[in-house]
1. Looking only at the stretch 448-496, which residues are of a type in the set (Lys, Arg) and touching a residue at least 12 places away in the same chain (Cβ under 8 Å)?
2. I'm trying to understand the selection: among the residues of the stretch 286-316, which are of a type in the set (Ser, Thr, Tyr) and surrounded by fewer than 21 Cβ atoms within 10 Å (Cβ to Cβ)?
3. Looking at (1) more than 16 Å from the ligand (Cβ to nearest atom); (2) in contact with a Ser or Thr (Cβ under 7 Å, 6 or more places away or on another chain), which one does residue 450 not meet, given that it meets all the others?
4. Does the stretch 514-524 contain any residue that is more than 16 Å from the ligand (Cβ to nearest atom), without any contact (Cβ under 8 Å) to a residue 40 or more places away in the chain and either β-branched (Val, Ile, Thr) or touching a strand residue (DSSP E or B) at 6+ places or on another chain (Cβ under 6 Å) (or both)?
5. Name every residue in the stretch 110-162 that is under 19 Å from residue 88 (Cβ atoms), part of a loop (DSSP other than H, G, I, E, B) and either touching a helix residue (DSSP H, G or I) at 6+ places or on another chain (Cβ under 6 Å) or not hydroxyl-bearing (Ser, Thr, Tyr) (or both), in order of residue number.
6. Of the conditions (1) loosely packed, with under 15 Cβ neighbours inside 10 Å; (2) within 24 Å of residue 259 (Cα to Cα), residue 575 clears all except one; give me its number.
7. Filter the stretch 322-344 for residues that are at pLDDT 95 or above and farther than 24 Å from residue 405 by Cβ and give the result.
8. Does residue 193 meet the test of being under 20 Å from residue 36 (Cα atoms) and out of contact with any Cys (no Cβ under 8 Å at 6 or more places or on another chain)?
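The values are calculated or read from the model by the stated rules, or taken from the named source; none is laboratory data. As the structure is a prediction and not an experimental result, all values here were calculated from the model. Every residue, glycine among them, receives a Cβ derived from its backbone with ideal geometry; neighbour counts consider all protein chains shown.
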Amino acid sequence: MCGIVAYLGSKDAYPILINGLYKLEYRGYDSAGVAILDKELSVYKTKGKVSKLDQFVEDKNTGGSIGIAHTRWATHGEPNTENAHPHYSMNKKIAIIHNGIIENYATLKEELKGRGYTFNSETDTEVLANLIEDVMHNESCSLQEAVLIALNQVVGAYALVVISEGEPDSLIAARKGSPMVIGIGGDDDFFIASDATPIIEYTKNVVYMNDEEIAILKKGEPLKIKTIANKDKTPYVQELEFNLNALEKGGFEHFMLKEIYEQPTSIRDSLRGRLRAKEGVVSLGGIVDYEQKIVHANKIIMIACGTSWHACLVGEYLFEDLARIPVEVEYASEFRYRNPIITENDVVIAVSQSGETADTLAAIELAKEKGATVLGVCNVVGSSISRATHAGSYTHAGPEIGVASTKAFTAQVTVLTMMALRMAQLKGTIPTSRFMQLLHEMEAIPDKVEAVLNDDGVAKQIAEKYQQATNFLYLGRGYNFPVALEGALKLKEISYIHAEGYPAAEMKHGPIALIDKDMPVVFIATNNVIYEKVVSNIQEVKARNGNVIAIVTQGDKVVRGLADYVIEIPATEDMFVPLLASIPLQKLAYYIAVMRGCNVDQPRNLAKSVTVE
Ligand code: M6R
């Protein structure tokens, strides 16, 4: 993981770097550091969050118009000051920031030790700093040449930036497997970052680096890009689409809450131009050329991690239900190390908010090697997954900053729903009248989400009552089972309460043993064909003195009579319930976490995009 920022230009580097780190803190917050070149190369770093670094440098010289900075999510070495980036090389003339993992670092380190190099940290990154110094020394070459030679000896993943006292007008950056974007401002200003959020306030013109590319940034010269095989490439400059407001909290206490409340908009944005109920149209431009491939697929394999995996589970029910195409849902991390049976007639759909998840990327590569068509559903435009797939559809949820995914989930479900509806239309698996009915109902979903958001009271009351619970169980059946899993994940990741999601009917095969007077059990018990069965499960919990919190359809009387608390959601088609029912569960997790004093936007040990295995 980790976030990197760098600046080279005519302005003071430090304010740009530190503000950039604050924006990237969602990527890791174990330690932070900055290196600034002003005659001498100075490195300052601290354990903990970016604010600690900011305090630490108050009385230091942070002048200079070229620098690099880093916020870390620890992989090699514990989160302490020594292991924080930037890392100097041994002669302190070179410094480097790095996001990724150098897999052969141990071998390289031994070789360098044999040549007299010493190390101050346990990191793989310091090995790279010394390797570059060693190459410069042995080959008497420029920084750019040294980085190129060094990277040809490295196995692993990286987004890195190198600065050298000997070349005070340049930065060298490189990417393989970890994200990196370069902003090109006026006045010969260059900005580098893990994503575009630190750059957008300075320029909208960006270049997304590709794997195995090196960027050479020099004051007064245009950006140069080479491959690590030393071939020149022409930088492809794109214009960023999102604006600065999307990155601010907009009056909300946390990004997570803001993002929960953005869902009517993010779902509308994901539907816009793609679903037109009156005309009977649902069409996703990005996959039009692959529609026949999907329709005739042997099977669809959906791959993802975490919340995105839950969205895939909803997708599985939708595709099978509507389009009668068999679907398998796989954890990308498992899929990549099995020997999965995939043929050229299979279609893989990779779902990812960040578009940078390492396991999902590796699973995509495997699927491509086996000849499958691979489509992406990503939120971040230009991300690695969106580029690694043959085609795909963006979710248009806008930047999601809170580590716990909320609006990205509902946007993913929205896009998968549209895909399934389109396939059903093409295959003729549902009658036209039913298809039209579903399009109209789907179009009404953003308004219904708004109604769910406006009804706030109960979630807060429930949070107050159960904030000290040590365990929660979330139960649902059919389309509501993935909702239960997602509700449990939200609670555990931001409040640190143990929570499990289960198919409601599976409760009797084990989890029922957990139920006692201290156990809150959240049921998603909306009106559908298995409603009565879920009601029986609720009775089973009540009979054992469990506490029942139920998400029900507006007007429900039966569950209201049984449950300790109910939260109503508007009536909708069963297949669209995840888009509504997940929202009170996001809010419940949010309020509990706030009441427990947890850092909602930056939960411990987590990072927004997991670019390591
Ligand atoms: O960016 P991705 O959707 O690929 O990320 C996958 C998971 O890491 C992510 O959903 C994670 O589980 C979130 N913290 C969930 O809130």
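1. Within the stretch 448-496, 448, 460, 465, 477, 490 qualify.
2. 290, the sole residue that qualifies.
3. Result: residue 450 fails condition (2) only.
4. no
5. 115, 116, 117, 119, 120, 122, 154 - these are the residues of the stretch 110-162 that are under 19 Å from residue 88 (Cβ atoms), part of a loop (DSSP other than H, G, I, E, B) and either touching a helix residue (DSSP H, G or I) at 6+ places or on another chain (Cβ under 6 Å) or not hydroxyl-bearing (Ser, Thr, Tyr) (or both).
6. Against the list (1) loosely packed, with under 15 Cβ neighbours inside 10 Å; (2) within 24 Å of residue 259 (Cα to Cα), residue 575 comes up short only on (1).
7. 322, 323, 324, 325, 326
8. Against the criterion (under 20 Å from residue 36 (Cα atoms) and out of contact with any Cys (no Cβ under 8 Å at 6 or more places or on another chain)), residue 193 qualifies.
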